[in-house]
Amino acid sequence: MQYKLGKHPPKHNAKTLMFSRYLKATAPPVPPTKAFWEYKIPEATWGMMANDTVVDCTCAAIAHMLMNWTAHTGKIVVPTVDQVLAAYSAITGYDPSQTQSDGSNPTDQGAAITDVLAYWQSTGLAGHKIDGWVQIDPANLQAVQQAVYLLGGLDIGIQLPNSAVDQNSAGQAWEVIPDDGGIAGGHSIVNFGYGRGGTTAITWGMRQPMSWAWFQKYCDEAYAVVSLDWLDASGTAPSHLNVAQLRADLQALKA
């Protein structure tokens, strides 16, 4: 299988809020010991979203988030590859007509996750926009689990070691090994589930488990996304998440 990456280094965006603001400081909710939101979608349905030929992982990730939310709240929405690539082109200037005979393309340079989230908020993907996003500290595993459980998943950025490509090809979980072969590049993936031993991502059209040790070593940014495709318009959500305040803050940032 051919693999592509495409995540730029973490980029500050003034619209980014902190997840911790919306949990009760005196009694933050203890997340369930496990959550597996990805279970509703057969693995064959995820699709590569062109991330086997284009470094559009950041846009493939948001397509997978939209799929997962809508699978739980109504009829699943599956963005087309053309829609994903149109978003990628609008964000980055990618021009498929510039692809060379060897497969290289000087306009195919990847994107920052926050730039993709900002586009999703302002323009949308497959007719669906988001309210905004909140940043999670990857070192705080309880917050990571809370965000996955309460908001249906995380858009995370990792510095992918070459060993992870080998482990994925072999159908193995991503585990920390002494010689990881160095960093292949930045990659954007989505996490929809976790258990005691680690978390599960969707990348390159398949489920990819990883240990918590691996996650903490290689994850360099994480965002939970707020969308009415997951939360209803009245603000109904699991307890302890101040959805009304969160949406109000996000709307204020649009002004």
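The values are calculated or read from the model by the stated rules, or taken from the named source; none is laboratory data. Fair warning: this is a prediction, and the values are worked out from it, not measured in the lab. Don't worry about glycine lacking a Cβ; one is built from the backbone with ideal geometry, like all the others, and counts go over all protein chains shown.
The sole residue among 137, 155, 108, 179 that is over 16 Å from the mean Cα position of the chain (by Cα), in contact (Cβ under 8 Å) with a residue 12 or more places away in the chain and under 30 Å from residue 213 (Cα atoms) is 179.
Would you check if residue 52 is surrounded by fewer than 17 Cβ atoms within 10 Å (Cβ to Cβ), within 15 Å of residue 189 (Cα to Cα) and touching a residue at least 40 places away in the same chain (Cβ under 8 Å)? The answer is yes for residue 52. For region 58-67, the criterion of being over 13 Å from the mean Cα position of the chain (by Cα) and either over 23 Å from residue 192 (Cβ atoms) or aliphatic (A, V, I, L, M) (or both) is satisfied by no residue at all. On the stretch given as region 178-217, residues that are over 15 Å from residue 145 (Cα atoms) and part of a strand (DSSP E or B) total 12.
Here region 75-109 is the region considered, the condition is being among the hydrophobic types (A, V, I, L, M, F, W, C) and farther than 16 Å from residue 51 by Cβ, and the residue that is modelled with the highest pLDDT is 90. Looking across region 86-99, the residues that are surrounded by fewer than 17 Cβ atoms within 10 Å (Cβ to Cβ) and either touching an Asp or Glu at 6+ places or on another chain (Cβ under 9 Å) or under 15 Å from residue 110 (Cβ atoms) (or both) come down to 90, 93, 95, 96, 98, 99. Regarding residue 153, is this residue at pLDDT below 95, within 25 Å of residue 36 (Cα to Cα) and in contact with a helix residue (DSSP H, G or I) (Cβ under 7 Å, 6 or more places away or on another chain)? Spelling it out, residue 153 is indeed at pLDDT below 95, within 25 Å of residue 36 (Cα to Cα) and in contact with a helix residue (DSSP H, G or I) (Cβ under 7 Å, 6 or more places away or on another chain).
From the list 30, 55, 78, which residue is of a type outside the set (Phe, Trp, Tyr) and touching a Lys or Arg at 6+ places or on another chain (Cβ under 8 Å)?
Of 30, 55, 78, the one residue that is of a type outside the set (Phe, Trp, Tyr) and touching a Lys or Arg at 6+ places or on another chain (Cβ under 8 Å) is 55.
Could you check residue 100 against (1) part of a loop (DSSP other than H, G, I, E, B); (2) within 18 Å of the chain's Cα centre (by Cα) and say which number it fails? Of the numbered conditions (1) part of a loop (DSSP other than H, G, I, E, B); (2) within 18 Å of the chain's Cα centre (by Cα), the odd one out for residue 100 is (2).
For region 56-85, the set of residues classified as of a type outside the set (S, T, N, Q), surrounded by fewer than 24 Cβ atoms within 10 Å (Cβ to Cβ) and outside any helix (DSSP H, G or I) consists of 74, 75, 76, 77, 78, 79, listed by residue number.
Scanning region 18-55 for residues that are assigned to a loop (DSSP other than H, G, I, E, B) and among the hydroxyl-bearing types (Ser, Thr, Tyr), which turns out modelled with the lowest pLDDT?
Residues of region 18-55 that are assigned to a loop (DSSP other than H, G, I, E, B), as a first pass: 23-34, 41-42, 47-55.
Going one step further and asking which of them are among the hydroxyl-bearing types (Ser, Thr, Tyr), we end up with 26, 33, 53.
Working: 26: 56, 33: 90, 53: 93.
Only one residue tops the list, namely 26.
Could you tell me how many of the residues in region 111-145 are polar (S, T, N, Q) and either closer than 30 Å to residue 197 by Cβ or surrounded by 22 or more Cβ atoms within 10 Å (Cβ to Cβ) (or both)? Of the residues in that region, 5 qualify.
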